[in-house]
1. For the list (1) part of a loop (DSSP other than H, G, I, E, B); (2) within 9 Å of the ligand (Cβ to nearest atom); (3) under 14 Å from ASN196 (Cα atoms), I need the number of the one condition that ASP24 fails.
2. Considering ASP32, ASP47, ASP36, ASP24, which residue is in contact with a Lys or Arg (Cβ under 6 Å, 6 or more places away or on another chain) and either assigned by TED's automatic domain parsing to the domain that holds GLU187 or closer than 26 Å to TYR220 by Cβ (or both)?
3. Taking the conditions exactly as written (surrounded by 14 or more Cβ atoms within 10 Å (Cβ to Cβ), touching a helix residue (DSSP H, G or I) at 6+ places or on another chain (Cβ under 7 Å) and either farther than 23 Å from SER87 by Cα or of a type outside the set (A, V, I, L, M) (or both)), does THR230 satisfy them or not?
4. Residues being of a type in the set (Lys, Arg), within 13 Å of the ligand (Cβ to nearest atom) and either without any contact (Cβ under 8 Å) to a residue 60 or more places away in the chain or farther than 22 Å from LEU54 by Cβ (or both): count how many of those fall in the range 100-117.
5. Report whether or not ALA208 is away from the ligand (no atom under 16 Å from the Cβ), at pLDDT 95 or above and either closer than 26 Å to ILE59 by Cβ or assigned by TED's automatic domain parsing to the domain that holds ARG147 (or both).
6. Can you name every residue in the range 53-92 that is part of a helix (DSSP H, G or I) and within 15 Å of the ligand (Cβ to nearest atom)?
7. Can we say TYR20 is crowded, with 18+ Cβ neighbours inside 10 Å, more than 16 Å from ALA176 (Cα to Cα) and not β-branched (Val, Ile, Thr)?
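The values are calculated or read from the model by the stated rules, or taken from the named source; none is laboratory data. Predicted, not measured: the structure shown is a model, and the values here were computed from it. Every residue, glycine among them, receives a Cβ derived from its backbone with ideal geometry; neighbour counts consider all protein chains shown.
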Amino acid sequence: MERKVKVAAVSYLNTKPLLYGFRDHQVMKMIDLSMDYPAKIAQQLIDGEVDVALVPVAIIPKLKEYHIISDYCIGAEGPVASVCLFSEVPLHDIKRIYLDYQSRSSVALLKVLVRDHWKLQVELVETTGGYEDRIKGTDAGLVIGDRALAQRHISPYIYDLAEHWMRFTSLPFVFAAWISNKALPVEFIQQFSNANAIGINNIPAVVAENPYDVYDLSTYYTQNISFPLTPAKRQGMQKFLSFLR
Ligand SMILES: C=C(O[C@@H]1C=C(C(=O)O)C=C[C@H]1O)C(=O)O
């Protein structure tokens, strides 16, 4: 390839297993890797600033062209732990929900659950920066990623969005997938998938090099986040996208 493929990944702990195998892998000779929060890298892929990104699947309708590459994703087949609605009061007493500015998929998922599953009458409020301190009284907040793992120690009521999606549809959920905005060479995709698989097949090693006392990462990587992009997950993804149309 003449130039390096620009790859953007999510900067959260949930992505560590996917990136673990990149170090010392020959795919590194083919790519420029950058990291940021999901909403940022979504915009980079839409604007063509990068070629491949681990983007929120909710932005697929905004891409002129898209290719799902690799058989790995950030998904869940039950509670995901790090995408939750946090509150001091029970679900039906919530009056306002702050939305996470770092997210695209989870915000869209929350809207689907609020409207079609929970059937709540609430005010939804966009945010642009830290808002966790506003999760008080009847004001709740959607928080994703590492900040959600921390918020689990603070909020008494926790509604896990992947768990509630499963109750609603009986399907798993895909938050993010590796998506390119142009066709890429087969040999690149093979190397890229191979690099992704290394950490997924060595979770204890990934956990060992990421000391973290907020949440048990072994549980997170084996029972919460589900990485393989299976046929059932693709079905869940199509179902979710149909709600967004
Ligand atoms: C499970 C998660 O999945 C994420 C949620 C995303 C979103 O809401 O747009 C995007 C990427 C993933 O990192 C998480 O961040 O906790």
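1. (2)
2. On the way: ASP47 fails: in contact with a Lys or Arg (Cβ under 6 Å, 6 or more places away or on another chain); ASP36 fails: in contact with a Lys or Arg (Cβ under 6 Å, 6 or more places away or on another chain); ASP24 fails: in contact with a Lys or Arg (Cβ under 6 Å, 6 or more places away or on another chain).
Answer to the selection: ASP32.
3. Working: surrounded by 14 or more Cβ atoms within 10 Å (Cβ to Cβ): yes; touching a helix residue (DSSP H, G or I) at 6+ places or on another chain (Cβ under 7 Å): no; either farther than 23 Å from SER87 by Cα or of a type outside the set (A, V, I, L, M) (or both): yes.
Judged against the criteria, THR230 is not a match.
4. Restricting attention to the range 100-117, the residues satisfying the condition of being of a type in the set (Lys, Arg) are 104, 111, 115.
Pick out the ones that are also within 13 Å of the ligand (Cβ to nearest atom) and you get 104, 111.
Now narrow it down to the ones that are either without any contact (Cβ under 8 Å) to a residue 60 or more places away in the chain or farther than 22 Å from LEU54 by Cβ (or both): 111.
The qualifying residues number 1.
5. Details: away from the ligand (no atom under 16 Å from the Cβ): yes; at pLDDT 95 or above: yes; either closer than 26 Å to ILE59 by Cβ or assigned by TED's automatic domain parsing to the domain that holds ARG147 (or both): no.
Considered against the rule, which asks whether it is away from the ligand (no atom under 16 Å from the Cβ), at pLDDT 95 or above and either closer than 26 Å to ILE59 by Cβ or assigned by TED's automatic domain parsing to the domain that holds ARG147 (or both), ALA208 comes out as no.
6. Within the range 53-92, the first condition is being part of a helix (DSSP H, G or I), and the residues that meet it are 57-62, 91-92.
Within the range 53-92, VAL57, ALA58, ILE59, ILE60, PRO61, LYS62 meet the criteria.
7. On the way: crowded, with 18+ Cβ neighbours inside 10 Å: yes; more than 16 Å from ALA176 (Cα to Cα): yes; not β-branched (Val, Ile, Thr): yes.
Spelling it out, TYR20 is indeed crowded, with 18+ Cβ neighbours inside 10 Å, more than 16 Å from ALA176 (Cα to Cα) and not β-branched (Val, Ile, Thr).
Conditions (1) in contact (Cβ under 8 Å) with a residue 24 or more places away in the chain; (2) closer than 30 Å to GLY48 by Cα; (3) part of a helix (DSSP H, G or I), marked per residue:
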| position | (1), (2), (3) |
| --- | --- |
| LYS182 | yes, yes, no |
| PHE188 | yes, yes, yes |
| ALA195 | yes, yes, yes |
| ASN210 | yes, no, no |
| TYR215 | yes, no, no |
